[in-house]
1. If Glu45 meets every condition in (1) closer than 22 Å to Glu105 by Cα; (2) surrounded by fewer than 13 Cβ atoms within 10 Å (Cβ to Cβ); (3) of a type in the set (D, E, K, R) apart from one, which number is that one?
2. What's the number of the condition Gly80 fails, among (1) at pLDDT 90 or above; (2) at positive phi?
3. What are the pairs, 6+ residues apart or on separate chains, where a residue within the range 126-139 that is at positive phi has its Cβ under 7 Å from a residue that is outside any loop (DSSP other than H, G, I, E, B)?
4. Can you spot a residue in the range 4-24 that is surrounded by 17 or more Cβ atoms within 10 Å (Cβ to Cβ), hydrophobic (A, V, I, L, M, F, W, C) and within 26 Å of Gly140 (Cα to Cα)?
5. Could you check the range 140-156 and list, in sequence order, the residues that are surrounded by fewer than 15 Cβ atoms within 10 Å (Cβ to Cβ) and in contact (Cβ under 8 Å) with a residue 24 or more places away in the chain?
6. What's the number of the only condition in (1) exposed (fewer than 14 other Cβ atoms within 10 Å of the Cβ); (2) in a loop (DSSP other than H, G, I, E, B); (3) modelled with pLDDT of 95 or more that Gly115 fails to meet?
7. Does the range 29-38 include one or more residues that are buried (at least 18 other Cβ atoms within 10 Å of the Cβ) and either at pLDDT 90 or above or at negative phi (or both)?
Amino acid sequence: MMNFNVYIIQNDGDAALLNECFDVRRRVFVEEQGVDTSIEIDEYEKCADTLHLLVSAPSGEPAGAGRLIAFRCHGPHECGVTAKIGRICVLKEFRGRGIGMLIVEKLIEAARERGYKKIILYSQAYIAALYEKFGFVKRGEVFKEAGIDHIEMIADI
């Protein structure tokens, strides 16, 4: 595996890196998967405690992105305020190189550093096995989000 660079970006951090995160997400979610732009960028983007992660190749070319937010669980699985990871994506030309695993690992590490004890995520159903490798367990039924099958998953960290 190549030596990829990982950048953790706070909302008041490097605007150019943050824009690269959004560009990777746009290319994967909007262009490739057909997610509506109006829901891909949401109210959590500018929250003070939101953390964005960018992975780039040694050449500097963006390869993947992810996000960590503070989230209040609702519904039948009330869990209070917990960490939620999401918007994890890897550009097509970089897939199969362990970047998705690297993103998840670094976001879990960041959640631990912030004192969280649990992490929740909404996995696209086809990729849930990736998260199970990190101790996430499925919770509830498959549901549609942005027209794509998802499953809620949770882990103690």
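1. That leaves (2) as the condition not met.
2. Going through (1) at pLDDT 90 or above; (2) at positive phi one by one, Gly80 breaks only (1).
3. Listed pairs, sorted by first residue: Gly135/Ala155.
4. So far as the range 4-24 goes, no, none of its residues is surrounded by 17 or more Cβ atoms within 10 Å (Cβ to Cβ), hydrophobic (A, V, I, L, M, F, W, C) and within 26 Å of Gly140 (Cα to Cα).
5. Step one: filter the range 140-156 for residues surrounded by fewer than 15 Cβ atoms within 10 Å (Cβ to Cβ), giving 140-147, 149, 156.
Across the range 140-156, the qualifying residues are Gly140, Ala146, Gly147, Asp149, Asp156.
6. Just one mismatch for Gly115, condition (3).
7. Taking the range 29-38 and keeping what is buried (at least 18 other Cβ atoms within 10 Å of the Cβ), we get 29, 35.
In the following step, the residues that additionally are either at pLDDT 90 or above or at negative phi (or both) were identified as 29, 35.
Checked the range 29-38: at least one residue is buried (at least 18 other Cβ atoms within 10 Å of the Cβ) and either at pLDDT 90 or above or at negative phi (or both).
One line per residue, one yes/no per condition, for (1) closer than 19 Å to Asn11 by Cα; (2) of a type in the set (Gly, Ala, Ser); (3) under 14 Å from the mean Cα position of the chain (by Cα):
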{"residue": "Asp49", "(1), (2), (3)": "yes, no, no"}
{"residue": "Leu68", "(1), (2), (3)": "yes, no, yes"}
{"residue": "Val104", "(1), (2), (3)": "no, no, yes"}
{"residue": "Leu107", "(1), (2), (3)": "yes, no, yes"}
{"residue": "Ile119", "(1), (2), (3)": "no, no, yes"}
{"residue": "Val137", "(1), (2), (3)": "no, no, no"}
{"residue": "Ala146", "(1), (2), (3)": "no, yes, no"}
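The values are calculated or read from the model by the stated rules, or taken from the named source; none is laboratory data. Bear in mind that the values here come from a model prediction, so they are computed numbers and not experimental data. FYI the Cβ positions are ideal-geometry reconstructions off the backbone, even for glycines, and counts take in every protein chain you see.
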